[in-house]
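Asks: Got a structure for you, written out below as structure tokens; questions coming shortly.
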Amino acid sequence: AQKITQTQPGMFVQEKEAVTLDCTYDTSDQSYGLFWYKQPSSGEMIFLIYQGSYDEQNATEGRYSLNFQKARKSANLVISASQLGDSAMYFCAMREAGTASKLTFGTGTRLQVTL
Amino acid sequence: GAVVSQHPSWVICKSGTSVKIECRSLDFQATTMFWYRQFPKQSLMLMATSNEGSKATYEQGVEKDKFLINHASLTLSTLTVTSAHPEDSSFYICSARKASGSKNIQYFGAGTRLSVL
């Protein structure tokens with residue numbers, strides 16, 4: 001079974017609108033971490049936001065927020081007020097306990113912001 | 001945030017030669033670094049975990065004699081692709097783990113595009 005599932009291969013959003021990128025995960029651990037990274041066409045991976053499994057509040061970082069629903073095992077990324085520079089691939093990743101901090105990545109979602 | 005530098009960003013080499021890629025954490029110490037490979041339009045595939053002062057841990061299916069990893073200091077890990085062949089052409093990207101309580105976030109370099117002729 002896939003550990004990280006991103007069901008949206010591609011998404012379009014209009015500039016200044018909000019967009020939600022979906023991510024579901026599968027783990028039997030109680031302690032784990034969830035991450036979102038952005039990969040522009042240049043190739044670098046940019047860390048966006050982190051959510052710990054024990055964190056009671058949803059993580060927020062500027063225009064990025066993570067909608068964490070533990071019972072549903074989902075960790076959706078919400079980008080508010082989209083900008084043209086947000087066009088990129090977005091990867092959801094999970095770190096499980098006892099894995100020496102290894103990350104498992106989803107297949108990614110390509111976001112295109114339009115005028 | 002944290003800065004990870006990866007060099008070179010792009011390399012072309014002849015088949016049979018070796019290529020070394022460097023990964024440096026510029027403003028933090030990293031006892032653990034990671035090396036990934038990414039094929040076009042695909043996700044990142046972990047190749048190995050690089051531990052400072054000890055041998056790297058390779059993922060299943062990754063040839064340790066072909067992909068040599070050295071993590072000699074707390075800020076530098078190197079990946080050497082030995083006797084490179086065209087099938088080794090890919091995008092290689094490293095990350096460094098920054099310890100911060102329970103977060104332990106991986107910060108990535110900009111990647112290296114390797115083309116083997």
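The values are calculated or read from the model by the stated rules, or taken from the named source; none is laboratory data. This structure is a prediction, so every number in the text was calculated from the model and none was measured. When we count neighbours, we look across all protein chains shown, and the Cβ atoms used for this are built from the backbone with ideal geometry, even at glycine.
Asks: Take the residues of the range A:45-74 that are assigned to a strand (DSSP E or B) and hydroxyl-bearing (S, T, Y): which is nearest to A:E96 (Cα to Cα)? So that I can check it myself, show each step before the final result.
Replies: From the range A:45-74, those assigned to a strand (DSSP E or B) are A:46-52, A:60-61, A:64-69, A:74; that's our starting set.
Now drop any that are not hydroxyl-bearing (S, T, Y), which leaves A:50, A:60, A:64-65, A:74.
Values: A:Y50: 13, A:T60: 21, A:Y64: 23, A:S65: 21, A:S74: 15 Å.
Selected residue: A:Y50.
Asks: If you take the residues of the range A:83-115 that are at the interface with chain B (Cβ under 8 Å from one of its Cβ atoms) and not in a strand (DSSP E or B), which of them is modelled with the lowest pLDDT?
Replies: A:A100
Asks: Specify the residue that is farthest from the chain's Cα centre (by Cα); the eligible residues are those in the range A:38-58 that are farther than 24 Å from B:I93 by Cβ and more than 10 Å from every other protein chain (Cβ to nearest Cβ). Can you show your working first?
Replies: Taking the range A:38-58 as the starting set, the residues that turn out to be farther than 24 Å from B:I93 by Cβ are A:52-58.
From what is left, the residues that are more than 10 Å from every other protein chain (Cβ to nearest Cβ) are A:56-58.
Numbers: A:E56: 18, A:Q57: 16, A:N58: 13 Å.
Among residues in the range A:38-58 that are farther than 24 Å from B:I93 by Cβ and more than 10 Å from every other protein chain (Cβ to nearest Cβ), the one farthest from the chain's Cα centre (by Cα) is A:E56.
Residues checked against (1) on the phi > 0 side of the Ramachandran plot; (2) away from chain A (no Cβ under 13 Å); (3) at pLDDT below 95:
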{"residue": "B:V19", "(1), (2), (3)": "no, yes, no"}
{"residue": "B:Q29", "(1), (2), (3)": "no, yes, yes"}
{"residue": "B:Q42", "(1), (2), (3)": "no, no, yes"}
{"residue": "B:H71", "(1), (2), (3)": "no, yes, yes"}
{"residue": "B:T78", "(1), (2), (3)": "no, yes, no"}
{"residue": "B:T82", "(1), (2), (3)": "no, yes, no"}
{"residue": "B:F91", "(1), (2), (3)": "no, no, no"}
{"residue": "B:A96", "(1), (2), (3)": "no, no, no"}
{"residue": "B:A110", "(1), (2), (3)": "no, no, no"}
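Asks: Being within 11 Å of another protein chain (Cβ to nearest Cβ), at positive phi and either at pLDDT 95 or above or in contact with a strand residue (DSSP E or B) (Cβ under 9 Å, 6 or more places away or on another chain) (or both) is the requirement here; does B:N51 meet it? Give the steps one after another, and end with the answer.
Replies: Numbers: within 11 Å of another protein chain (Cβ to nearest Cβ): yes; at positive phi: no; either at pLDDT 95 or above or in contact with a strand residue (DSSP E or B) (Cβ under 9 Å, 6 or more places away or on another chain) (or both): yes.
So B:N51 fails the test.
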